[in-house]
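As structure tokens, the structure follows; a few thoughts come after it.
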Ligand code: ADP
């Protein structure tokens, strides 16, 4: 059985005339020990999702189940979930030990046991012996670790993180995210995290959930979502910009006709009018006499690879990448061909029309 189940959960803000649907009939299941990251642009409903699971918000419709038990009417502190929010809200008047012990004191744990558990947790997050330190004297990364130790202390069955590393600089974030994944794996913690940073989500999660306007746009392992974004929205959100309208001919030797010319598509692609994504790795440079003629508009060194911006004779700019030694000069003319393994036929972003009955059911529930 899933540890957490959201079934048809809807949350609205504001009164009926000016109501805003922050979550729109969301279904989601999280298995025990799973690390799930909810990803999406600002305003897509990520925090609302966390708050409704925590019990800080009651849904207008639908149900939240933990271990199969309906949580409606169960207050935050009875749900057995740990919360770590963006600004990590440590108590500046308490020292590190006092902060980590907070949830344990609330539960009435005896003093010695509390001290032992606090020491254990500080070890775990890489701050052994930090009990007497003042919060104000800690770096941002250390504060983040203390907040994490505090959230883990009561052994929550579900740990929820809201932009856990949002305030930190990139280098530290990249290091911490790897540490966190290792830590959660060792402890067997079930995690529901939200972030707007896809790098963070992809590094942390077993499964990512991409949200758009209060609905789930795609869910899958990081690899699945990266390899096969479900829609142009997801592709663009992941930072892929080579997205173009196409008339697709399916079948064994399928192809897509676009403003960039004819592209090969993977076998089994659906035919018809679609959008097509070409990952930059699939934009191959050749002799200008072959393929699509482009001018190199910009090139950016990215470690061992070079990102290129190509202006074709027709159609929107193309992003490509190549090795350092193969990088053409800015202003050079190159030819482009497309590699089928980096072409993805995307589903339309048109939302399926809601069945009338379901829409009626929903509006009656929220009155
Ligand atoms: P995210 O976390 O993805 O940035 P939120 O869950 O915070 O998104 O917000 C989803 C939508 O709900 C947004 O349109 C936001 O403006 C709205 N919203 C969130 N909280 C409130 C609130 N307390 N009152 C009114 N509208 C809200």
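Of note:
- In the elastic network of the chain, a GNM with C-alpha springs shorter than 10 Å, the most mobile of 64, 345, 336 is 336.
- Rounded to 0.05, the FRET efficiency of the residue 1 and residue 74 pair, given R0 = 22 Å and the Cβ-Cβ distance, is 0.80.
- Modelled label positions at residue 133 and residue 223, each set 7 Å beyond Cα in the direction of Cβ, lie 3.8 nm from each other.
- Those residues of region 301-339 whose amide nitrogen sits under 12 Å from the label point placed on residue 286, 7 Å along Cα→Cβ: 335-339
- Shape call, the chain: gyration tensor on alpha carbons, a/c limit 1.5: oblate
- Over the chain: helical MRE at 222 nm, DSSP H runs n ≥ 4 each giving -39500 (n - 2.57), nearest 500: -7000 deg cm²/dmol
- Mean separation of Cα contacts under 8 Å (6+ apart) over length of the chain, as relative contact order %: 15 percent
- Most fluctuating residue given options 126, 141, 323, as computed from a GNM of the chain linking Cα atoms under 10 Å: 323
- Sorting 300-307, 200-207 by average packing, meaning the other beta carbons within 10 Å per residue, from highest down gives 200-207, 300-307.
Read the figures in this text as sums done on the coordinates, not as results from a lab. This one's a predicted model, so the numbers in the text were calculated from it and none came from an experiment. Heads up, the Cβs are rebuilt from the backbone with ideal geometry, glycines too, and the neighbour counts pull from every protein chain shown.
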